[in-house]
Structures are given as C-alpha cells and as structure tokens.
1. Suppose we filter region 90-123 for residues that are of a type in the set (A, V, I, L, M, F, W, C) and closer than 30 Å to residue 264 by Cα; how many remain?
2. Taking the conditions exactly as written (touching a Pro at 6+ places or on another chain (Cβ under 9 Å), polar (S, T, N, Q) and in the same structural domain as residue 229 (by TED's automatic domain parsing)), does residue 249 satisfy them or not?
3. Which of the residues belonging to region 200-235 are more than 11 Å from residue 300 (Cβ to Cβ), of a type in the set (D, E, K, R) and modelled with pLDDT under 95?
4. How many residues are surrounded by fewer than 17 Cβ atoms within 10 Å (Cβ to Cβ) and either part of a helix (DSSP H, G or I) or over 25 Å from the mean Cα position of the chain (by Cα) (or both) if we restrict to region 261-274?
5. Out of the residues in region 202-247 that are out of contact with any Gly (no Cβ under 9 Å at 6 or more places or on another chain) and of a type in the set (S, T, N, Q), state the one that is surrounded by the most Cβ atoms within 10 Å (Cβ to Cβ).
6. Quick one: which residue in 183, 164 is under 30 Å from residue 24 (Cα atoms), surrounded by 20 or more Cβ atoms within 10 Å (Cβ to Cβ) and modelled with pLDDT of 95 or more?
Amino acid sequence: MKKFIPLFLLVIIISCTQTTRKSDTLNIFVSVLPQKYFVERIAGDKAQVHVMVLPGHSPATYEPTPSQMKDISQADIYFRIGVPFEETWMKKLAQLNPELLVVDTREGNPLRPMDSFLTLRKKMSPDHGKENNEEHDHSHQLDPHIWLSPELVKIQAQTICNTLQEFDPENSKYYSENLQTFLDDLTSLQQYFADRLSQLEHKEFLVFHPSWGYLADEFGLMQIPIQIEGKSPSPKQLAEVISFAQKKNIRVVFVQKQFSTSAAQTVAKAIHGKVISIDPLAEDFFENMRSIADTFKEVLDGQ
C-alpha cells in the first residue's frame, strides 16, 4: 500500500528518488489549477506541471481521464491538497507509480471545519434549534480551500520549495530565490486585500458553496453558505437562509461555475438581489484574487 510521505522523511528517501528520475525536468502533478501556478512560480523551468482537475470540473466529483492515468505513471511528485476526489483516487494513482512521491501541502496549515448555515446560525443564536432534534450539523469535515488564503499559500509555498530542494538539491538556490519572490508577491496581495476590506461596515457575504472560509478568516469577513453538507438546502433551510439575508440586508449571492446555481438564483430572487460568479479555481492566482478583492469591496460596500 502506498504511504503518503511527510516532509521530514524526504531526506531519507531522496537518494533513491534521484536515481529513478525519468529526465532532467521534474514531472509534477497537482490537484487544482491554483496549485499549478504555485509550483510553477517556484520550480520555474526545472519542472513540467500537470493539473488533475481540469478547468470547469468540480474537485468534489472529478474522475481522472485515461490519459492522466497514463501520465501519472511517469510522474516524479504529486502535491495533494485535500480536495474530495483525492480520497477516492490518490491510492489508485499511487499504485500506478510505486516511485511517485506524494506530498500533502496541507502540512503545517491550520485547518478549519467547513462552514454551514447551521453552524453559523448556532454561533449567532446559541439557543436556536435546541428543541429541533432532527437538525444535525456535521461540520467536522475539514475545509480543503487553503489555496484561497494568501497567508496559508505562504505555508504551502514553503512546503513546495522544501520538496523541490530535497528532490533536486543541485537547484536548491534557484528554488529558494523563486520562493522569496513569490512570498513577496503574496505579501503585496495581502496588503491589497487589507486596503480594500479592512474598513468595511458589512462583513457578511452569501455564497452557494463555502469555498471562502480561510480568506474570510484572514480578513475579518464571514461567509454564509447556502449549500449544506455538500447539498442544496431543504425548503425549510432555504427559507431560513433567505430570512437571514433579508435581516442583514444582503443583496448578492456569490456562486462558482463548478456548481449548479438554481438554489442561489432562488435566494437572489427572494432578497431582490443578484447572483455574481467568482472562481476559486482560476489558474492566474494573483489576477483572480485581486479581482475578488475588488468585487468583495464593491458588493459589501453596497449592502
């Protein structure tokens, strides 16, 4: 059975890994598009980076294509991140390539539970629902969206750099220099968000799928998800979301193209608002995140 290898064991296995490299260029797989950008920023021209979850697909339900299965058999490194499809497929992919080094980029990141409306409602109204025994909140599921917090991306970037340096020590300085440039850019991005979001009067925003919890934590916001347990809400739950949005004067529902928008459209109509699409899986990380900061400021200032 393939074991996922933490960073502190990389030194032990590196001599064996180096002897089995297929070429001078590292062949790397990642799970989602933003990771591809992160690895390319640090690896530069020393690696070819492939993404598993193709554009337009959901990391929750993705199934690798036959060509991806073939390519993974020749890969050197896989950087996983905790998205749902990995739970089904990582062991299968690793079995295709016993020499594949699997590195979990969640290592060192403070993981949070997935947000749900039930959880947030209890935080805001602790006595609500005590007599309603049929409601259950399974918020123990950990949120995988660590690529959407610049601070947590810094941790992931260090993990990526450490891995590349251990796997390819001859280019250690090259990777370190690229890492520092990337970290500087992330610090600038944090300042960009802070400049736009720190003085907002309204902090709550409504989303269909709860992708933005880590970003909200970093910049003092609160996401209110419509989706519950990965599913659309029941009519009763939907009515409660609508009531909450009306009380908070929320007029926008954020959605992403990887999920159905029907429930979001229902809420938007009920609150006399609109649906806006933002993409947590865009490959051009910095351009996308700056656009999201601008969108949040515009929407939350207008509520």
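1. Just the residues of region 90-123 that are of a type in the set (A, V, I, L, M, F, W, C), to begin with: 90, 93-94, 96, 100-103, 111, 114, 117-118, 120.
Now narrow it down to the ones that are closer than 30 Å to residue 264 by Cα: 111, 114, 117-118, 120.
Residues flagged as of a type in the set (A, V, I, L, M, F, W, C) and closer than 30 Å to residue 264 by Cα within region 90-123 amount to 5.
2. Values: touching a Pro at 6+ places or on another chain (Cβ under 9 Å): no; polar (S, T, N, Q): yes; in the same structural domain as residue 229 (by TED's automatic domain parsing): yes.
When the stated conditions are applied, residue 249 does not pass them.
3. Result: 229, 231.
4. So the count comes out to 5.
5. 211
6. Values: 183 fails: surrounded by 20 or more Cβ atoms within 10 Å (Cβ to Cβ).
When all the criteria are applied, what remains is 164.
This table checks each residue for (1) touching a helix residue (DSSP H, G or I) at 6+ places or on another chain (Cβ under 6 Å); (2) touching a residue at least 24 places away in the same chain (Cβ under 8 Å); (3) acidic (Asp, Glu).
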site: 253; (1), (2), (3): yes, yes, no
site: 256; (1), (2), (3): no, yes, no
site: 261; (1), (2), (3): no, yes, no
site: 264; (1), (2), (3): no, yes, no
site: 267; (1), (2), (3): yes, yes, no
site: 271; (1), (2), (3): yes, yes, no
site: 276; (1), (2), (3): no, yes, no
site: 282; (1), (2), (3): yes, yes, no
site: 291; (1), (2), (3): no, no, no
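Conditions (1) charged (D, E, K, R); (2) more than 29 Å from residue 153 (Cβ to Cβ); (3) part of a helix (DSSP H, G or I), marked per residue:
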residue	(1), (2), (3)
186	no, no, yes
190	no, no, yes
194	no, no, yes
209	no, no, no
216	no, no, yes
237	no, yes, yes
259	no, no, no
290	yes, no, yes
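The values are calculated or read from the model by the stated rules, or taken from the named source; none is laboratory data. All of these numbers come straight from a predicted model, not from anything done at the bench. Please note: Cβ atoms are built from the backbone with ideal geometry, for glycine as well, and neighbour counts cover all protein chains shown.
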